[in-house]
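The values are calculated or read from the model by the stated rules, or taken from the named source; none is laboratory data. Not measured: the values here are computed from a predicted model. Cβ atoms come from the backbone with ideal geometry, glycine included; neighbour counts cover every protein chain shown. SASA here: full protein model, heavy atoms, side chains in, ligands and nucleic acids out. Shrake-Rupley method; radii C 1.70, N 1.55, O 1.52, S 1.80 Å.
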Amino acid sequence: MVSLKEKFERIVGADHVSDGAAERYVYSRDMTENPPREPQLVVMPSTAEEVQKIVRLANEERVPLVPFATGQSVGGLTIPQVDDAVIVDLKRMNKILNVDEEGMYMVIEPGVTFGHVRKYLDESHPDLRYTYAISSPFTSVIANALLQGLCDLSTRYGSMAEFINGLEAVLPTGEIVRVGSGILGDDNWFGRYPLPDLVGLFTGWQGMTGIVTKMALQLWPKKPFTRHFALFTFGEFMTTDLLKQIVRADLAEDAGALSFSVVKALIGMPAPIEAIEGEPDYGTFLTLSGITSLELDEKVRVLKRIVDRSKAEEPKNLLIPFEAVARLMSEEAYGWVDFPSDSFKQLTEYDGLTWMGTYIHPKNWGEALFKGRKIVEKYGYELMAFLKPMKGMHFCEFKFIIRFKRDDENLKRVHQCNNELLDLALDLKAIPYKTPVWSAKKLHERADPNFIELVRRIRDLLDPNGIMNPGRWGL
Amino acid sequence: MTSDESVIEQWLHSCVRCSNCKYVFREYFPSCPAGEHFGFETYYASGRIWLAQALYKGDLEWEPSLLDPIFACTTCGNCEIQCLAPHSEHIVDMIEELRARAVQEIGGLPSHIRFRENVVQCHNPYGAEHHNRNLVETHSLPLQAETVYFVGCTSNYREIQIRDATISVLKKAGVDFTVVDEYCCGSPLIRTGQLAPVNEAAQHNVDAIRDAGAKRVVTSCSGCYRTLSRDYPKLGIDLGVEVMHITQLLKELIDKGAIVPRPTEHRPTITWHDPCHLGRHMGIYDEPRTVISKLPVDLVEMETTRENAWCCGAGGGAKAAYNDWSVETSRERIEQALRTGAEFIVTACPFCSRNLRDGCSEDGPPVIDLTELVDRFI
Ligand SMILES: Cc1cc2nc3c(=O)[nH]c(=O)nc-3n(C[C@H](O)[C@H](O)[C@H](O)COP(=O)(O)OP(=O)(O)OC[C@H]3O[C@@H](n4cnc5c(N)ncnc54)[C@H](O)[C@@H]3O)c2cc1C
Ligand code: SF4
Ligand code: SF4
C-alpha cells in the first residue's frame, strides 16, 4: 500500500516531504507560549497546481492541512490544533510575479517576504514602495495581509488587508479561484470593487478557508519630501490624545509609538529594562511627507504647533528632529524609520516572544494602555507597549510585547498575563488580532453569537471535510 | 568541546526563530546554503538551535532521522553574521556541540566515520599513504627552521599544486622554513563532532613543531589555520608558537620587500572567494586583498563578499556526506564569479579550491590558490 508520505512525495518530490523527528518537532511550536502539537508531515509545494493536488489528496485522505509561511505570527497560528496534521510550508513559492507601475500594485506568491519586496522595488521600481512591519524582514507579506496586520502606512491607510486588490486561492475543496478584478485576466489586478468583496473570505481566517497562492497588493508612490521626528510624551491619556490630534490633522504618514523601554532597547540597553521615574513614557516615531517642500514645511509647522499646545498640560513633551535621534543613538536609527523591520532586533533577546494585541475604538485607547500597563507591571515583565493610530484615526492599535525565556514557569506566567490583558481588552470592546485559539474562544463568549454562527457556516460550506486548519480560531 | 561547559546550555533560551539568519541583512541574498537547498526550517541555524535545545532538555529523543538536519550544514558561519541576537557568535559552536552529542548518542554519518578511521590509521582523512616527511628530502629542507609550513592533508594529498606553489614562494622569498611529520590537524573531526582522536593527533603536531625549533607555523589551509589557532587552545593544547595563514605571511613578505611582483603585459581580471574558515571564522579579509592589490591583476568582487560571502559548500563534512548539495552550493558561487567577468577565481583554501573546481562546468573560470597566483608573478 502506498503510504501518505509517498502520496505527497508524488506531488512535490521526495526532497520536499519530511516526516523526520526534527521537522515534526520544529514545526510543532513557535516563539509564543501556545502549546505545541506535532504534525505528521511537512510538505513544500512550489506551484499553485501542487497546492491544489495537496488539497485534493487531503480531502481524499481526510488529512488536516496547516498553511505555513514563516511561522512568525506571534499567535501560534501555524501550530496544528489537531493530531496528524500536514504542514504546508509555502516558502518555495517565493516569486514576485509582476509589478504594475501604472496600476501601482504587485502580484506575489506567499513565500515572498518584506525584505525581498523591499529589495526588488528599490532595484527595479525605485519610485514605488510597499509598507513594512517591525517584524523581521523575513516574514511573509501575503500572510501579513491575510492576518490584517499593520505596517508603516497603516496610520494613513489602515490594516494590511486594505492593501489587497485581489487574490488567487486553492479552496478547501481543491478548486483554484480568483477574487478581485484579476478575474478578467493576469494584467488586471487593479482592485476589489465593484464586485462581491470575497477577499474577506480569506482575510482574518487564519488559513481556514483555503491556501492563497497569489495576491495583488497596492504599492504607493514614494513621496519626494519626507522628514522624521521623535516625539517623547508622558502618560497614556495625554500621549494618545496628542497622537489623535496629530493624526486627525492628517499630518503623519506613520506614527508608531513605543514604550520608552523599547526606545532604550533600541539604543542598546541590556535586558531587562526597567522604567525609571521621570523619564518619558512613550517615544513616537513620526513620518511626515509632502509632494513639495512647502507642503512638508507646512505640515512640520502645524505639528510643532500641536505639540507646543500640548505643553500647556505637559511641559516636558518633546519633539525632536530625527537627525538628533540619530546623533544620539547611531546612524542605524535611520534604518528604523526607513525600513522598520531593521529595528526588530530588540525583540530577539530570548527564545520567547508573545503579545496580546488588538484593534480598538479610539475612545478606549488611553484607558487600555493605562490599565494594561498596570497588568504587565504586576507580572514583572518589561514594559513594551506598541501603539499605532490606524487609518487616519478611525481606529487604533495597541499591544503589549513580552520577550521571555521559554521555561516552564514563564510559559505559565506569560499566559496568565496575556489572559488578563485580553480580559481588559475585551472589557473595552477591543478586537484581539492574530488570535491564538484560547483568545479567540474568549472573544466568542462575548461576541454576537449570530456572527460566530455565520463564520462557522461559511467555514463548513467552504470546507465540508474540515481539512483546512481545523480547530483554528476556536471553531 | 573537551571543556565541560556546554555552549548549548549557555544559550538555552536564545533564538526566537526570527529568520534573520536566512538572508544577508539588508542585502536579502540567501546566506545559508543548507536552508536554501533543503528548505525545511530545520536546516537553517534556528532549526538546529531549537533541536539542540530540545535534545539538551530531553524534549526530543535521539533517533537517526535527526542526523541530516544536524549534519547537513557547512558550518560556514554566515548565520552568525546575519543573526542579531546575543548568541549570534556561538551558533557554529552550538552546531558542533550538537554534532558531538549526536556522535555519542547515535553515531555519526558513515562517510564521516570513514574519514575518522582514515585519520586514525593514516593520519589523513583521505586514507592516503602518510608521506609528509618526504617533502624534506624532495625540497632539501632543513630539519629545524624558524617557520614550519603546515601543509595540511588536502594540499598534501589532493590539491598538491597549492603545496608546491607555497614551497616555491617560500623559497623564492628566502623564508627559513621546513615541514614536519604532521598529522591531520583534526579540523574535519572537530567539525563533525568526532572529538575522540583529536587530542592525540594534536599532541603529535605540538611535539613535531617543537622538535623543529619553530617560532611560527604557517598553513595553506584555512581549516588548519582555524583549528591550530582557535580549536587547539579550546582543547587545552598549547602549540607554543605563532600561527599564521599563508595570506598573512604573503602580505608580510610583500610589505618587507621579500616578494616583489613583476609587472606583466596582460593584467588578468580576478575575483576573490573568501574561505569561510579564514574570513568569518578568523576575521581575515584584508590581508589577501592587500596581497592581490600588489599583484598585476585587477580584482572584481562578487556580489556577496567578505563576511557575507556565499560558502563554497565543502566545509563541515558536507562534501563527504552530501556531495551533490555541496557541489550545487559551489555552483552558486561560480555563477556569482561568472557575473564578475573574472578570468580566475582566486582563493586561499585547498578545500574551497577543490569544491569550486567541482562546481565549475566548462564555462567556469579556472580556480587557483593565492600562492599559485603570487608564484606566477615572482
Ligand atoms: C518580532 C516581530 C515583530 C512583528 N511586528 C509586526 C508588525 O509590526 N505588524 C504586523 O502586522 N505583524 C508583525 N509581526 C507578525 C508578522 O510580521 C506577521 O504575522 C507575518 O507577516 C505573518 O507572516 P508569517 O510568515 O509569520 O505567517 P505564518 O505565521 O506562517 O502564518 C500566519 C497564519 O496565516 C496562515 N497562512 C500563511 N500563509 C497562508 C496562505 N498563503 N494562505 C492561507 N493561509 C496562510 C497560517 O496558517 C497562519 O494561520 C511581527 C512578528 C515578529 C516576530
Ligand atoms: S539564529 Fe538568530 S537570526 Fe536565526 S532565527 Fe535565531 S535569533 Fe533569529
Ligand atoms: S553554518 Fe552556514 S550552513 Fe550551517 S546553518 Fe549557518 S549559514 Fe547555514
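Structural remarks
- Candidate set: the stretch B:290-309, residues that are part of a loop (DSSP other than H, G, I, E, B) and in contact with a strand residue (DSSP E or B) (Cβ under 8 Å, 6 or more places away or on another chain); chosen: the one nearest to ligand 2 (Cβ to nearest atom): B:Thr305
- Taken together, A:Asp297, A:Asp308, A:Asp351 contain a single residue that is within 30 Å of A:Gly76 (Cβ to Cβ) and either surrounded by fewer than 21 Cβ atoms within 10 Å (Cβ to Cβ) or within 14 Å of chain B (Cβ to nearest Cβ) (or both), which is A:Asp351.
- Residue that is farthest from the other protein chains (Cβ to nearest Cβ), among those in the stretch A:96-118 that are assigned to a loop (DSSP other than H, G, I, E, B), free of Cβ contacts under 8 Å to residues at least 40 places away in the same chain and closer than 17 Å to A:Gly166 by Cβ: A:Glu102
- Residue selected from the stretch B:37-55 under the condition within 23 Å of the chain's Cα centre (by Cα) and of a type in the set (A, V, I, L, M), by the criterion nearest to the other protein chains (Cβ to nearest Cβ): B:Ile49
- Among the numbered conditions (1) buried (at least 24 other Cβ atoms within 10 Å of the Cβ); (2) part of a loop (DSSP other than H, G, I, E, B); (3) touching a Gly at 6+ places or on another chain (Cβ under 9 Å), the only one that A:Pro39 does not meet is (3).
- Remark: pairs (first residue in the stretch B:176-198, under 19 Å from B:Met94 (Cβ atoms); second residue of a type in the set (Asp, Glu); Cβ separation under 6 Å; 6+ apart in sequence or on different chains) = B:Ile190/B:Asp231.
- Test: residue in the stretch B:27-36 that is open to solvent by less than 20 Å² (accessible area, probe 1.4 Å), under 21 Å from the mean Cα position of the chain (by Cα) and at pLDDT below 95: no
- Among the residues of this structure, A:Trp205 counts as one that is of a type outside the set (Ser, Thr, Tyr), crowded, with 19+ Cβ neighbours inside 10 Å and within 20 Å of A:Cys151 (Cα to Cα).
- Of all residues making up the stretch B:186-223, the number that are open to solvent by 20 Å² or more (accessible area, probe 1.4 Å) and part of a helix (DSSP H, G or I): 8
- Screening the stretch A:119-152 for residues that are open to solvent by 20 Å² or more (accessible area, probe 1.4 Å) and in contact with a Pro (Cβ under 7 Å, 6 or more places away or on another chain) and picking the one that is modelled with the lowest pLDDT gives A:Ile134.
- Filter pass, A:Gly76 being at pLDDT below 95, within 15 Å of ligand 1 (Cβ to nearest atom) and within 14 Å of chain B (Cβ to nearest Cβ): no
- From the options B:Thr75, B:Thr42, residue that is modelled with pLDDT of 95 or more, within 15 Å of ligand 2 (Cβ to nearest atom), touching a Pro at 6+ places or on another chain (Cβ under 8 Å) and among the hydroxyl-bearing types (Ser, Thr, Tyr): B:Thr42
Here is a yes/no grid of residues against (1) within 16 Å of ligand 2 (Cβ to nearest atom); (2) not in a loop (DSSP other than H, G, I, E, B):
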residue: A:Thr131; (1), (2): no, no
residue: A:Phe138; (1), (2): yes, no
residue: A:Ala143; (1), (2): no, yes
residue: A:Asp152; (1), (2): no, no
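- Filtering the stretch A:24-53 to residues that are touching a strand residue (DSSP E or B) at 6+ places or on another chain (Cβ under 6 Å) and touching a residue at least 60 places away in the same chain (Cβ under 8 Å) leaves A:Tyr27, A:Met31, A:Thr32, A:Glu33, A:Ala48, A:Val51, A:Gln52.
- Among residues of the stretch A:203-220 that are aromatic (Phe, Trp, Tyr), those with a beta-carbon under 6 Å from a residue that is more than 16 Å from ligand 3 (Cβ to nearest atom) at least six positions away or on a different chain give the pairs A:Trp220/A:Arg129.
- The selection criterion, being in a loop (DSSP other than H, G, I, E, B), within 13 Å of ligand 1 (Cβ to nearest atom) and over 19 Å from A:Glu102 (Cβ atoms), holds for A:Gly204.
- Cβ-Cβ distances below 7 Å connect the following pairs, each with a first residue in the stretch B:81-92 that is at the interface with chain A (Cβ under 9 Å from one of its Cβ atoms) and crowded, with 20+ Cβ neighbours inside 10 Å, a second residue that is outside any loop (DSSP other than H, G, I, E, B) and of a type in the set (Val, Ile, Thr), and a separation of six or more residues or different chains: B:Cys83/B:Ile91.
- Of all residues making up the stretch A:62-73, the number that are within 23 Å of B:Tyr44 (Cα to Cα) and open to solvent by 10 Å² or more (accessible area, probe 1.4 Å): 6
- Just so you know, in the stretch B:56-66 the residues that are closer than 15 Å to A:Arg29 by Cβ and within 9 Å of chain A (Cβ to nearest Cβ) include one that is surrounded by the fewest Cβ atoms within 10 Å (Cβ to Cβ), and it is B:Asp59.
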